[in-house]
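Note sheet for the following structure.
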Amino acid sequence: MKCTPHYIRCIKPNETKQAHDWEENRVKHQVEYLGLKENIRVRRAGFAYRRPFAKFLNRYAIVTPETWPTWRGEPRQGIDHIMASVSMDRDQYQLGKSKVFIKAPESLFLLEEVRDRKFDGYARAIQKAFRQYIAKKHMFRLKEQAADLLTNKKQRRRHSLNRNFVGDYIGLEDKPQLRALVGKRERIEFADTVHKYDRRFKVTLPPFHTLFFQC
């Protein structure tokens, strides 16, 4: 359902706030200060909205890529390009010497709607880029945490490849229940506790003991 907006200007006839008290000079001053004469002339001509070329281009330049962020040609051509982009009929607006005049409020509402959609699209693009940045930053942090699990945790170096890797990190000699699993002719070279991690570097299973035997 469409409606036609109406605007009401309130004029104070006096300062005494009494009935039948009319101060003509004060009323004339308010009429001139509010620009009611000019509004009436424009309304009679059929164009209710008027704005200087520079202000109009500054507000609605975002509507088209050619006028954003700054229109570098003639102001009249820039305004015609904006009006054509929203499919506004030529009889709905007129270009004066320094101002643009729009006849129906619906035409102005159309410009405002297109302008709001443009701002919403740019806001979504900025939001998407920021979310990608946060996701990548979180991924790099997870990679660094994964690398820290192995940094300075190696028990041997390059020049010790030919040496036996001997170690008892779980106290095998002091745990008879683990020694019972070892055969008589088997010798344990290395024993440690193992943790299993998933893709997100979270422990998926309880830690278990790993033994390397040499028969």
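The values are calculated or read from the model by the stated rules, or taken from the named source; none is laboratory data. Since the model is a prediction, treat every value here as computed from it, not as a measurement. With ideal geometry, Cβ positions are generated from the backbone for all residues, glycine too; neighbour counts draw on all protein chains shown. Just the protein is used for accessible areas: all its heavy atoms, side chains included, with ligands, DNA and RNA removed. Shrake-Rupley method; radii C 1.70, N 1.55, O 1.52, S 1.80 Å.
Things to note:
- The residues ARG185, ARG50, sorted by heavy-atom accessible surface at 1.4 Å with ligands and nucleic acids left out, run ARG185, ARG50 from largest to smallest.
- A simple spin-label model places pseudo-atoms 7 Å from Cα toward Cβ; at ILE134 and LEU34 they are separated by 4.9 nm.
- Just the protein heavy atoms count here, and of the accessible area of region 62-128 at 1.4 Å, carbon and sulfur take up 53 percent.
- Lysine pair count for region 1-138 with Cα-Cα distance under 21 Å and sequence separation of 8 or more or different chains is 15.
- The residues of region 67-109 expose, per residue, 61 Å² of accessible area to a 1.4 Å probe.
- Lysines with Cα under 27 Å of LYS184, excluding same-chain neighbours fewer than 8 positions away: LYS175
- Region 1-121: Cα Rg divided by the 2.2 N^0.38 Å rule of thumb: 1.37
- Eigenvalues of the alpha-carbon gyration tensor of region 52-96, scaled by 5 and square-rooted, set the equivalent ellipsoid semi-axes at 16, 12, 8 angstrom, largest first.
- Spin-label pair GLU74-LYS143: with each label point 7 Å from Cα along the Cα-Cβ axis, the two points sit 5.6 nm from one another.
- In region 51-127, the trypsin sites (Lys or Arg not before Pro) that fall in loop regions by DSSP, at most 11 other Cβ within 10 Å: ARG72, LYS97
- Rounded accessible area of PHE130 (nearest 10 Å², 1.4 Å probe): 120 Å²
- Extension gain for GLU106-SER85 works out to 6.0 nm (0.36 nm per residue, less the C-alpha to C-alpha distance).
- Summed side-chain charge close to ASP21 - residues other than ASP21 whose Cβ falls under 13 Å, Lys, Arg +1, Asp, Glu -1: 0
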